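Let me begin by presenting the structure, written as structure tokens, before commenting on it.
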Amino acid sequence: MTKNFYLEDNDFSKEVNQDIVYGFFTRQGGVSKSTYNSLNCSFKNGDKRENVIENRKIVCEKFDLDISRLMILNQIHSSKIVEIDEAHLGKIFYADGMITSKRNILLGILTADCAPILFCGQQNIAILHVGWQGLIQGIIDNLINLFLQKNENLNYISCIIGPHLSYKSFRVEKDFVDKINKTRPLFLNYIKKNKGIFYFNFLECLFRNIHDNGIKKVFSKDIDTYTNSNILFSYRYYKNKGLECGRQISVIGKR
């Protein structure tokens with residue numbers, strides 16, 4: 001389901017409590033120009049700071065929250081996850097995941113080919129920025145361990161994978177295959193060679209990793225960022241053109 005310029009999922013919405021708000025925002029509906037057009041939410045790629053601030057306000061207004069309630073990480077392609085509460089609002093963290101049990105805090109992740117993944121338990125919610133580096137470093141494993149430490153029942157955790165680079169667009173080189181073989185050999189099942197080119201089935205690998213951690217309620221918005229660059233930012237698409245692009249935002253919060 002699309003509400004203006006952000007995406008929800010009927011199945012995931014049915015699984016979570018009514019006090020959960022979330023959305024995978026597209027690149028549309030903001031104020032940025034040029035290749036950042038228009039809802040770019042990242043300060044790091046050359047867009048005007050005032051445009052990014054206004055775009056983030058637009059996102060928060062969708063949930064009737066002030067921009068001061070939005071937490072966005074400095075993402076570093078890691079397996080690091082931080083716990084967020086009121087005292088952390090406005091602070092800078094270098095990590096790729098957040099978890100909280102607090103209300104009226106909007107957790108946000110920026111992507112442009114990597115996968116945003118939202119999790120909802122009985123007491124805690126979480127969000128991850130997952131690229132191939134974070135995946136093989138075990139960011140999903142780390143998050144599930146955090147849920148267990150907080151006495152969450154895995155049977156009551158639901159998650160949804162947002163728009164990301166799809167199998168047909170995720171070309172990889174031999175060094176990538178070698179790295180997977182050394183670190184997570186089971187993931188080799190999701191790399192296929194076609195006409196001399198290796199492709200990585202990112203979504204199926206994510207599903208496998210999540211399922212292997214005991215979570216069965218897994219949904220996805222299987223929308224390829226690369227071939228849908230008109231509605232989503234894609235780092236690879238713009239890199240091939242020698243250009244910089246923006247980052248879309250995905251969010252989750254509790255009322």
Segment 150-186 - residue that is among the hydrophobic types (A, V, I, L, M, F, W, C) and farther than 24 Å from THR227 by Cα and, of those, nearest to the chain's Cα centre (by Cα): CYS159
Qualifying residue in segment 9-17 (condition: assigned to a strand (DSSP E or B) and at pLDDT below 95): no
Test result for VAL21, in contact with a Phe, Trp or Tyr (Cβ under 8 Å, 6 or more places away or on another chain) and part of a helix (DSSP H, G or I): no
Residue check for ASN213: touching a residue at least 24 places away in the same chain (Cβ under 8 Å) and either over 30 Å from LYS57 (Cα atoms) or surrounded by fewer than 17 Cβ atoms within 10 Å (Cβ to Cβ) (or both): yes
In segment 18-53, the residues that are surrounded by 15 or more Cβ atoms within 10 Å (Cβ to Cβ) and either among the small types (Gly, Ala, Ser) or more than 14 Å from ARG247 (Cα to Cα) (or both): ILE20, VAL21, TYR22, GLY23, GLY29, GLY30, SER32, SER38, SER42
Hits in segment 84-101 (condition: charged (D, E, K, R) and surrounded by fewer than 16 Cβ atoms within 10 Å (Cβ to Cβ)): ASP85, GLU86, LYS91
Residues of segment 106-138 satisfying the condition of being farther than 17 Å from PHE25 by Cβ, touching a helix residue (DSSP H, G or I) at 6+ places or on another chain (Cβ under 6 Å) and not hydrophobic (A, V, I, L, M, F, W, C): GLY121, GLN122
The one condition in (1) under 20 Å from ARG255 (Cβ atoms); (2) assigned to a loop (DSSP other than H, G, I, E, B); (3) touching a helix residue (DSSP H, G or I) at 6+ places or on another chain (Cβ under 9 Å) that ARG103 fails to fulfil: (3)
Search result, residues across segment 34-72 that are in contact with a Lys or Arg (Cβ under 9 Å, 6 or more places away or on another chain), of a type outside the set (D, E, K, R) and assigned to a loop (DSSP other than H, G, I, E, B): ASN37, SER38, LEU39, ASN40, CYS41, SER42, PHE43, ASN45, PHE63
Failed item in (1) modelled with pLDDT of 95 or more; (2) within 29 Å of THR100 (Cα to Cα); (3) out of contact with any strand residue (DSSP E or B) (no Cβ under 6 Å at 6 or more places or on another chain), with ASP222 passing the rest: (1)
Helices (runs of 4 or more DSSP H) contained in segment 117-192 and holding at least 2 residues surrounded by 18 or more Cβ atoms within 10 Å (Cβ to Cβ) and of a type outside the set (Lys, Arg): 132-137, 139-149
Residue in segment 33-41 that is small (Gly, Ala, Ser), under 26 Å from TYR238 (Cβ atoms) and in contact (Cβ under 8 Å) with a residue 60 or more places away in the chain present: no
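Give the residues of segment 187-203 that are over 14 Å from TRP132 (Cα atoms) and of a type outside the set (D, E, K, R), sorted by residue number.
Hits for segment 187-203 are ASN189, ASN194, GLY196, ILE197, PHE198.
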Members of segment 77-124 that are more than 18 Å from the chain's Cα centre (by Cα) and touching a residue at least 40 places away in the same chain (Cβ under 8 Å): SER101, LYS102, ARG103, ASN104
Test set (1) farther than 12 Å from PHE170 by Cα; (2) more than 16 Å from the chain's Cα centre (by Cα); (3) not acidic (Asp, Glu); (4) not in a helix (DSSP H, G or I) - HIS211 fails condition number: (4)
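The values are calculated or read from the model by the stated rules, or taken from the named source; none is laboratory data. These numbers come from a predicted model, not from an experiment. Heads up, the Cβs are rebuilt from the backbone with ideal geometry, glycines too, and the neighbour counts pull from every protein chain shown.
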